[in-house]
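Have a look at the structure below, then the notes.
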Amino acid sequence: MMPVMTMVLHPARGPLVGRPALPGDKSVSHRALLLGALATAPWSLRGLSPARDVASTAEALNRLGATVRVAGEIVRVQGPATGWRDGQTLDCGNSGSTARMLLGFLAGTGVSARLEGDSSLSRRPMARVLEPLAAWGLEIAEGKGHLPLLVCSRPRPATCTVELPVASAQVKTALALAVLHAGGRLDLREPHASRDHTERLLEALGAPLERTSGGFTLGGPWRPPGHTIDIPGDPSAAAFWGVAAALVPGSRLVLGPISLNPGRTGWIRVLRRMGCPVNIGASRGHDPVGSVTVDAPASLQAVTVEGEDLIQALDEIPVLAVAMARATGTSFIRGARELRVKESDRLQAIATMLASFGIDTTMSADDLAIHGRGPGEGFRIGNAPVASHGDHRIAMAAGIASLVATGPVALADPEVAGVSDPRFWETRRAIMAS
Ligand code: S3P
């Protein structure tokens, strides 16, 4: 077994100021690659995310016979000239988006493929996407509900109404790709409004998509035309620096331009409710993009996050939990069952990570109460390295908590941050030096 590397993280010595470097948005990057590979003419992608998750999608498409090629600042994507390649093994790495969206994409290809992932991804549920995809002819030849899976596509147009029990933008996107590729009609509804990058992109491209109350309808087969897309900064990556600014007295960080998709701005609402000044600059575009400035508040107030707010701040909960640990009073994260099936059992991993910074939490069912320490003394640290739980967002949240620790903190497996932001630690050093 490889030794687990640790990194020593020093607390901030003064206010954080400047404009942290941000990766391109991971969600838009996956969608741009997949829709580009389905298009009738090449796509040019500017600002593609350097995340390992996105590389997993690009590599899978190359294996299936598409061409994803870097040309300077631009990534060019083109579908195969003569049909999809059969019998490929597609390594989805740590990426739930790659696995779920690819399953939808595969439904229209008419080939079989084996999907694999790392140990974390192999524990994550796939039935939520496999079950509805059966209508479009995606059959499971080997495996059950989890990776590894051998799937075989016999595309058939289907007319289906799908009511998602849990809001999920990955599942929405997988089903949209299936109907675009295999044909038929999809009438989809979800209980809360999750991020709608796919819907907005398809509307802008002229796809036969119509919004309904709580969802959309989409017809197929339909292939996008050639397109050039500017991918904005990743708001989920930005949220780490937003919380950093909220924690370190006197800080001001300018984030962006980032995606301001309404399904992604939950973290901004939560920080504001905690009493943190967050200013959103002018936004532009059909899928809105703009810059956000976060100033350190005098103090942070406890907050409750649940329902639609939780869906719209899902990936940011680990770092928001760090802000809650610094707040006055007890904060609550409620009904967070989905967090238990992310890259780790994130609800448990958050509690364990906060405990290593001396913060008390109480867990009951899918709720977590965080007993805030208040703005006074820094987070107390123990002797053992803080665990990353193989989860990029837990590692990075610990990296933000360590900015206000009483001394240097050792973090295990910092390299896992590369799943979404390969430059995270470099950026942390840069904003501390500015
Ligand atoms: C994503 C959707 C969310 C999110 C994930 C990215 C997407 O997952 O947590 O990081 O790009 O569609 P769910 O669809 O499982 O909620």
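The values are calculated or read from the model by the stated rules, or taken from the named source; none is laboratory data. Predicted, not measured: the structure shown is a model, and the values here were computed from it. A quick note on method: Cβ atoms are made from the backbone with ideal geometry, for glycine too, and the neighbour counts reach across all protein chains shown.
When each of LEU271, LEU253 is tested for being at pLDDT 95 or above, in a strand (DSSP E or B) and over 24 Å from GLY104 (Cβ atoms), the lone residue that passes is LEU253. Answer yes or no: is there a residue in the stretch 161-169 that is assigned to a helix (DSSP H, G or I) and either at negative phi or among the charged types (D, E, K, R) (or both). For the stretch 161-169, residues assigned to a helix (DSSP H, G or I) and either at negative phi or among the charged types (D, E, K, R) (or both): present. On inspection, ALA397 fails the criterion of being touching a residue at least 60 places away in the same chain (Cβ under 8 Å), more than 22 Å from the chain's Cα centre (by Cα), on the phi < 0 side of the Ramachandran plot and assigned by TED's automatic domain parsing to the domain that holds ALA239.
Considering LEU347, LEU339, LEU310, LEU314, which residue is closer than 15 Å to ALA237 by Cα and at pLDDT 95 or above? Lay out the reasoning, then the answer.
Working: LEU347 fails: closer than 15 Å to ALA237 by Cα; LEU339 fails: closer than 15 Å to ALA237 by Cα; LEU310 fails: closer than 15 Å to ALA237 by Cα.
Only one candidate passes the filter, namely LEU314.
Out of ALA238, ALA182, ALA167, one residue alone is closer than 30 Å to TRP136 by Cβ, crowded, with 17+ Cβ neighbours inside 10 Å and under 17 Å from the mean Cα position of the chain (by Cα). It is ALA167. Contact map, the stretch 73-89: first residue on the phi > 0 side of the Ramachandran plot and free of Cβ contacts under 8 Å to residues at least 40 places away in the same chain, second residue part of a loop (DSSP other than H, G, I, E, B) and surrounded by 14 or more Cβ atoms within 10 Å (Cβ to Cβ), Cβ cut-off under 9 Å, separation 6 or more or different chains; pairs are GLY83/GLY65; GLY83/THR109; GLY83/GLY110; GLY83/VAL111; GLY87/VAL111.
Within the set LEU218, LEU149, LEU138, the sole residue that is away from the ligand (no atom under 15 Å from the Cβ), without any contact (Cβ under 8 Å) to a residue 60 or more places away in the chain, crowded, with 17+ Cβ neighbours inside 10 Å and closer than 22 Å to GLU343 by Cβ turns out to be LEU149. As a summary of the residue check, GLU73 satisfies the conditions (1) modelled with pLDDT under 95; (2) of a type outside the set (Phe, Trp, Tyr); (3) farther than 22 Å from VAL289 by Cβ except for the one numbered (3).
Considering only the stretch 51-94, state which residues are within 16 Å of the ligand (Cβ to nearest atom), in a loop (DSSP other than H, G, I, E, B) and over 26 Å from ARG154 (Cβ atoms). Across the stretch 51-94, the qualifying residues are ALA51, GLY93, ASN94.
Restricting the first member to the stretch 1-24 and to residues that are surrounded by 14 or more Cβ atoms within 10 Å (Cβ to Cβ), and the second to residues that are basic (Lys, Arg) and at pLDDT 95 or above, the beta-carbon pairs closer than 6 Å and six or more apart or on different chains are VAL17/ARG252; ALA21/ARG423.
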